[in-house]
1. Tell me which residues, restricted to the stretch 301-357, are within 16 Å of Ala373 (Cα to Cα) and among the basic types (Lys, Arg).
2. For Asn266, are the conditions met, namely being touching a strand residue (DSSP E or B) at 6+ places or on another chain (Cβ under 8 Å) and at pLDDT 50 or above?
3. Take the residues in the stretch 74-92 that are in a strand (DSSP E or B) and of a type in the set (A, V, I, L, M); name whichever of them is surrounded by the most Cβ atoms within 10 Å (Cβ to Cβ).
4. Could you check the stretch 132-169 and list, in sequence order, the residues that are more than 20 Å from Phe296 (Cα to Cα), in contact (Cβ under 8 Å) with a residue 40 or more places away in the chain and in contact with a Lys or Arg (Cβ under 7 Å, 6 or more places away or on another chain)?
5. Which members of the stretch 105-115 meet the condition of being in contact (Cβ under 8 Å) with a residue 40 or more places away in the chain and either in a strand (DSSP E or B) or hydroxyl-bearing (Ser, Thr, Tyr) (or both)?
6. Can you find a residue in the stretch 196-204 that is under 23 Å from Leu73 (Cβ atoms), in the same structural domain as Arg314 (by TED's automatic domain parsing) and either surrounded by 14 or more Cβ atoms within 10 Å (Cβ to Cβ) or at pLDDT 95 or above (or both)?
7. Right, Ile356: under 27 Å from the mean Cα position of the chain (by Cα) and modelled with pLDDT of 95 or more or not?
8. Among Val155, Val130, Val118, which is surrounded by fewer than 20 Cβ atoms within 10 Å (Cβ to Cβ) and either touching a His at 6+ places or on another chain (Cβ under 7 Å) or part of a strand (DSSP E or B) (or both)?
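The values are calculated or read from the model by the stated rules, or taken from the named source; none is laboratory data. None of these values were measured; they are calculated from a predicted model. Don't worry about glycine lacking a Cβ; one is built from the backbone with ideal geometry, like all the others, and counts go over all protein chains shown.
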Amino acid sequence: MRPTTAILTILSLSSLTITGCIMPHQPTPEEMEMRQKLMQGFLNRMGQTPQNAPAREAAPAPAISEQELAQQLDGLPILDGGALIVKKKDGFDANGVRQIDPEGKIVKFGSSARSGDVTYMAQVDEQNYVIKFMRVGSDPVTIANAKTTPSGWSVTTVTGKKLTGESIIPLSRGILVGRSTAGFLYSPGKGITNIGVPDGFLIAPFQNGDIIGTRYLLLERQAPNENDQVGGLFNAVSNLGSTLGMNKKEDYMLLNLDTGRQVSINISMDGKNEGDYSKCRKKGAVANVCKKVEFFESLYDSNGLPNGGHYFWRISWQNSNSGPLLITTENSMRETTAENLSTGKKTVLFNRMLGINYVIVTEKPDGRISANAKLGFDSQTVEDVEQNLNSAAVPAQ
């Protein structure tokens, strides 16, 4: 007789004595409950487990399906007039009202003013984040949960899909997870779409554009290897030449997700001053000091003003009635131009020899794109970039 069988036999006989005899009879529910507790307690002390008990519980099934999630999101009220969404260091305002989340601080978001759709990340604790979708004026809906890992991020959607990568980019509806030379676009209610990235480039952790509407994604050139002294020297010389306006240094490009078209941008990656992503990750992605370089607060200085040299403020692309508009501040921060990526027409919006402090591009609820430039102690605004571009007499070269 095996030890477990013997133990069960002894327990069965012992439990019967509770009734005062060992004569066969039908036990009451109270007696059965007492027997089970007695048996389990004895087996726990002996380090045994009943043969009919499972080794561990099976993983729970997804709470909802993609179809159910799609129905839930599609049921949100439609905003005919859109919403004015303004970026803030610690979140965003929607129609003049600061948006907060009871589960944690909003650290990153993506939005569309035309639809009023917003997807944001809220920090629950040091390692855990919740990702929610909302339409301005409606309650947010959780679509995924994220957790920091030694290599970056681990994301689990409410429909049971899992994604891992080095960066998370909230979109107006969904998220993009970047991993080295690949990206994974999760659209709630639809699923995951894989994105390939050209050699030598990575998905930029910050995206100041409408990826869903324009179908363009911002890429950043891979930093040279720390041990490659020749490459490092060439990069330094190239940066100096770019700063002096002697040559181009196209460290960024837009990639069309449907056609694969590449649009090079003459901006050096050395202008980003929130920290080096790869060096930070070598210290461990879990550390708050590392994760903060991926949050919006790193885009502002201590006074809450934009870090104008950061590529986030220098590169913006939005959809318009005449095609996607690319607005960039190049030529060593001395010139801001607007280009229609469909027609190729290009014009200068702002120009200052002493340099432009920063440019803030805003999508209006009615679809207009405005650009506001800080020029020293002065400021200038183009209320309708599309109209300004279409009416320009001489396109910029």
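1. If the condition is that a residue be within 16 Å of Ala373 (Cα to Cα) and among the basic types (Lys, Arg), then Arg314, Arg334, Arg352 are the ones that fit.
2. Answer is yes for this residue.
3. Ile85
4. Of everything in the stretch 132-169, those that are more than 20 Å from Phe296 (Cα to Cα), in contact (Cβ under 8 Å) with a residue 40 or more places away in the chain and in contact with a Lys or Arg (Cβ under 7 Å, 6 or more places away or on another chain) turn out to be Val141, Ile143.
5. Selection gives Val107, Lys108, Phe109, Gly110, Ser111, Ser112, Ser115.
6. no
7. When the stated conditions are applied, Ile356 does not pass them.
8. After ruling out the rest, the residue left standing is Val130.
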